[in-house]
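First the structure, in the form of structure tokens, and then the observations on it.
Values in this text are rule-based calculations from the coordinates and carry no lab data. Bear in mind the structure is a predicted one, so any value in this text is a computation, not a measurement. Cβ placement follows ideal geometry from the backbone for every residue including glycine, while neighbour counts extend to all protein chains displayed.
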Amino acid sequence: MPTALVTGGAGYIGSVTARLLLERGWSVTVLDDLSAGHRAAVPAKARFVEGEIGDRGAVRAALEGGRPDCVLHFAALTYVGHSFERAHDYFAVNIGGTSMLLAELVEHGVANFVFSSSCTVYGEPDSVPIDEAATVKPAVSPYGQTKQTCESMLSWLASTGKLSFAALRYFNAAGSTDDLGEDHRPETHLIPLVIDAVLGRAPELKVFGNDYPTRDGTCIRDYVHVRDLADAHVAAAELLLAPSTPRGTRHIVNLGTGTGSSNLEVIQAVEKVSGRKVPYCFAPRRPGDAPALVADNAHARKLLGWNPRYTTIESVVETAWKWRVENPTGYPGGEEE
Ligand SMILES: NC(=O)c1ccc[n+]([C@@H]2O[C@H](COP(=O)([O-])OP(=O)(O)OC[C@H]3O[C@@H](n4cnc5c(N)ncnc54)[C@H](O)[C@@H]3O)[C@@H](O)[C@H]2O)c1
């Protein structure tokens, strides 16, 4: 039975991936400090270690069960806006913590690593859809800088034969499974914010900018379903483990559907799925928001045999709506917030 260490496995994407690994017969340990994740989201069959990736003792405790065949590293601070105010924390956790984690993994002879990267590494791209050959521009946020730096650290470790890795550059993760959903506090992602505005749990939605050079003037993003992301992670881990993959292999892979939805199209999708009007208004553009970010996912399809199943914005929104309605206060503890 292959074994995995999943950091950030109490979080949104990590918990869905940990669940899928278990379903596919992996043995899973989750390392999470619960700073943003939820104990209830950790699959019951996973071994759980509460602790920080930057704490050598916690990482060693997570490795106690034996050297994992693959580490899937989701744990990070994840708010782009917040990263401007708390850049030092983002550097400490996302870069310092990852560096400490990697040092310990190399020490223990861990050979395979899957990293949660982001389309933010492309900054404002020259053209869309974006493929992996697109230039990685200077970072547009401290958060983006941390993803670029972690990818560079991994490249150096791979080039010196210490490990193999896949950096998966997600576009916008969205949607829910039957019992695992998006519960960030505060929430900054568009789909849950639109749903909360409809449900009266959040104020009127602000749409930032309606004068972008896009089909309706609002920003366009590529919303990729969290279950499809989980599929790609398992495929990437399996690929790294394959005997034909030499030590030092480096894969960079975009994960998006290949189709973009504008902010107004997301609002329309929520209106269609919920049967209710979304209260919204337009606000000025936010600095750093690219007009359109859409993936060219041909490489993911070929390399990983990846075939995202949620290809329309309505199908993604439907799952997010269902989870949000069935879990009005999110995971347990939400009602106290
Ligand atoms: N959600 C997206 O659209 C998106 C897009 C691109 C990249 N990503 C990346 O994917 C990963 C997962 O994102 P998410 O949306 O699931 O975020 P999340 O906040 O739901 O999950 C992150 C998890 O990491 C844990 N964590 C944070 N700091 C930690 C630390 N120092 N030690 C141990 N655990 C720690 C949190 O408690 C949480 O459970 C992140 O690395 C994020 O940057 C997310």
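Put a dot 7 Å past the Cα of residue 135, heading toward its Cβ, do the same for residue 281, and the two dots end up 3.9 nm apart.
On a 0 to 90° scale, report how tilted helix 313-326 is relative to the longest principal axis of the chain, with both axes built from alpha carbons and the result rounded to the nearest 10. Once rounded, the angle reads 90 degrees.
Given contacts defined as C-alpha pairs under 8 Å and at least six residues apart, what's the relative contact order of segment 109-198, whole-number percent? For segment 109-198, the relative contact order is 35 percent. To the nearest µm²/s, what D does Stokes-Einstein give for segment 196-279 at 20 °C and 1.002 mPa s, using the Kirkwood radius over alpha carbon pairs as Rh? Here the translational diffusion coefficient equals 134 µm²/s.
For residue 280, the residues whose amide H sits under 5 Å from its own are 205, ignoring neighbours fewer than 5 places away on the same chain, with H placed 1.01 Å from N.
Our coupling estimate for segment 188-195, obtained by passing each phi through the Karplus curve with A = 6.51, B = -1.76, C = 1.60 and θ = phi - 60°, is 10, 8, 4, 4, x, 5, 5, 4 Hz, Gly and Pro reported as x. In straight Cα distance, which lysines are under 21 Å from residue 162, not counting same-chain residues fewer than 8 positions off? Leaving aside lysines fewer than 8 places away in the same chain, those within reach of residue 162 are 147. For residue 295, the residues whose modelled amide H falls within less than 5 Å of its own, excluding neighbours fewer than 5 places apart on the same chain, are 130, 257, 258, 259.
For segment 83-147, a Kirkwood hydrodynamic radius built from all Cα pairs, placed in the Stokes-Einstein relation at 25 °C and 0.890 mPa s, yields a translational diffusion coefficient of 182 µm²/s.
Relative to the longest principal axis of the Cα atoms of the chain, the long axis of helix 142-159 makes an angle of roughly 30 degrees.
Calculate, for residue 202 and residue 289, the FRET efficiency according to 1/(1 + (r/R0)^6) with r their C-beta to C-beta distance and R0 25 Å; round to the nearest 0.05.
0.80
For segment 246-337, the relative contact order comes to 40 percent (Cα pairs under 8 Å, sequence separation of at least 6).
Residues in segment 283-298 carry Karplus couplings, in order, of 10, x, 4, 9, x, x, 7, 6, x, 8, 10, 9, 7, 8, 9, 4 Hz; the curve used is 6.51 cos²θ - 1.76 cosθ + 1.60 with θ = phi - 60°, and Gly or Pro positions show x. The Cα atoms of segment 259-337 define a convex hull whose projected area, averaged across directions, is 8.2 nm². From the Kirkwood radius over Cα pairs of the chain, Stokes-Einstein at 4 °C and 1.567 mPa s returns a whole-number translational diffusion coefficient of 64 µm²/s. Using a simple spin-label model with pseudo-atoms 7 Å out from Cα toward Cβ, residue 215 and residue 34 lie 4.5 nm apart. On C-alpha positions alone, give me the angle between the axis of helix 226-241 and the longest principal axis of the chain, in degrees, nearest 10. Orientation of helix 226-241: about 20 degrees from the principal axis. Taking 0.36 nm per residue of separation and subtracting the current Cα-Cα distance, fully stretching the chain between residue 61 and residue 178 would add 39.0 nm.
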